[in-house]
Amino acid sequence: MSTSVNHLDERTRDSAELLEEIMPTAITLAMMLRHRKMAAWLRTEFDGYQDLEAAPPYRRQLHGHIVAKSPQYGWIPAPMDDQQKEEFGYMDLPEGVKSLEKICLNCKKGSGNRVLLAKEDMAVLQKQINLTAELAINLSRDVYCRLLRIVRASIYLWTQELIAAGLAGEHNHYSPEERAKVAQLDDPETFWRRAMEEVGALPIPDVREVGFFERVFGRAG
């Protein structure tokens, strides 16, 4: 496994590279640099957030559409007013990068992922709209992709700063002097906040769509 900052930087921009495969290298690099905050953030992103309150804003209150299961027509938009859409049409995504990326890989562009409402919320909403049908929230593929691109962009911005500080090239270890030179870059929140603002302008690929044969036989299954 290469711990070259340059190679990690290149991988963040390569659409063939899955984020779940990039992150262990990023964690190793963070540990070598004694970037403990960055390593902890990367691990939590990789594994998922146990404490929802600690999840960053790009994982919270993501907009979706409430759908109801019709016996005749399948899943159709639920009859809701604007206030109900505002109250129930958002959800959090605390899951780890691997499971989110798998959802995104297996969704076709223009489609999404359906998640049943929590029992309590479903019961309240069913009563409000006078329906007994199952209710779910549908999050578009774009919502998942943007979350993953923000994480990927955060790593990219971090590597760009490391390269600018002179840490280019292959390294088996980093000297105390080299680590001291980039100690101020151990600040994941700075990078993910920048990524949230700049992701549309950065050279970060969208999550690719898995083809039929790869879905059946390949790595994303």
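The values are calculated or read from the model by the stated rules, or taken from the named source; none is laboratory data. The model shown is predicted, which means the values in this text are computed figures rather than measured ones. Using ideal geometry, Cβ is built from the backbone for each residue, glycine included, and neighbour counts are taken over all protein chains shown. SASA here: full protein model, heavy atoms, side chains in, ligands and nucleic acids out. Shrake-Rupley method; radii C 1.70, N 1.55, O 1.52, S 1.80 Å.
Only residues that are free of Cβ contacts under 8 Å to residues at least 40 places away in the same chain and acidic (Asp, Glu): list them for segment 158-177, please. Let's see the steps before the verdict.
Here is the first cut: in segment 158-177, the ones free of Cβ contacts under 8 Å to residues at least 40 places away in the same chain are 161, 164-166, 175-177.
Passing the criteria: Glu161, Glu177.
Of everything in segment 31-55, what is surrounded by fewer than 20 Cβ atoms within 10 Å (Cβ to Cβ), touching a helix residue (DSSP H, G or I) at 6+ places or on another chain (Cβ under 7 Å) and closer than 19 Å to Leu185 by Cα? Give them in sequence order.
Met31, Arg34, Lys37, Arg43
Kindly provide the set of residues from segment 183-210 that are open to solvent by 30 Å² or more (accessible area, probe 1.4 Å), touching a residue at least 12 places away in the same chain (Cβ under 8 Å) and among the small types (Gly, Ala, Ser), ordered by number.
Ala183
Can you pull out the residues in segment 143-170 that are within 11 Å of the chain's Cα centre (by Cα) and open to solvent by 10 Å² or more (accessible area, probe 1.4 Å)?
Val143, Arg146, Arg149, Arg152
Going through segment 171-182 one residue at a time, which ones are over 14 Å from Met31 (Cβ atoms) and open to solvent by 50 Å² or more (accessible area, probe 1.4 Å)?
Pro176, Glu177, Ala180, Lys181
Quick check on segment 99-108. Is at least one of its residues surrounded by fewer than 14 Cβ atoms within 10 Å (Cβ to Cβ) and either of a type outside the set (A, V, I, L, M, F, W, C) or in a strand (DSSP E or B) (or both)? Can you show your working first?
At the first step, the residues of segment 99-108 found to be surrounded by fewer than 14 Cβ atoms within 10 Å (Cβ to Cβ) are 99, 108.
From what is left, the residues that are either of a type outside the set (A, V, I, L, M, F, W, C) or in a strand (DSSP E or B) (or both) are 99, 108.
Looking for residues that are surrounded by fewer than 14 Cβ atoms within 10 Å (Cβ to Cβ) and either of a type outside the set (A, V, I, L, M, F, W, C) or in a strand (DSSP E or B) (or both), one finds at least one in segment 99-108, hence yes.
Can you confirm whether Asn130 is open to solvent by 50 Å² or more (accessible area, probe 1.4 Å) and either of a type in the set (Val, Ile, Thr) or modelled with pLDDT of 95 or more (or both)? Give the derivation first.
On the way: open to solvent by 50 Å² or more (accessible area, probe 1.4 Å): yes; either of a type in the set (Val, Ile, Thr) or modelled with pLDDT of 95 or more (or both): yes.
Considered against the rule, which asks whether it is open to solvent by 50 Å² or more (accessible area, probe 1.4 Å) and either of a type in the set (Val, Ile, Thr) or modelled with pLDDT of 95 or more (or both), Asn130 comes out as yes.
Which count do you get for residues in segment 48-87 that are of a type in the set (D, E, K, R) and within 21 Å of Leu19 (Cα to Cα)? Can you show your working first?
From segment 48-87, those of a type in the set (D, E, K, R) are 51, 53, 59-60, 69, 81-82, 85-87; that's our starting set.
Restricting the remaining residues to those that are within 21 Å of Leu19 (Cα to Cα) gives 59-60.
Summing the residues that are of a type in the set (D, E, K, R) and within 21 Å of Leu19 (Cα to Cα) in segment 48-87 gives 2.
If you take the residues in segment 1-30 that are without any contact (Cβ under 8 Å) to a residue 40 or more places away in the chain and of a type in the set (Ser, Thr, Tyr), which one is least open to solvent (accessible area, probe 1.4 Å)?
Thr25
Among the residues in segment 66-88, are any touching a Ser or Thr at 6+ places or on another chain (Cβ under 8 Å) and either polar (S, T, N, Q) or open to solvent by 20 Å² or more (accessible area, probe 1.4 Å) (or both)?
Our first condition is that a residue be touching a Ser or Thr at 6+ places or on another chain (Cβ under 8 Å); within segment 66-88, this holds for 76.
Then keep just the ones that are either polar (S, T, N, Q) or open to solvent by 20 Å² or more (accessible area, probe 1.4 Å) (or both); that gives 76.
Scanning segment 66-88 turns up at least one residue that is touching a Ser or Thr at 6+ places or on another chain (Cβ under 8 Å) and either polar (S, T, N, Q) or open to solvent by 20 Å² or more (accessible area, probe 1.4 Å) (or both).
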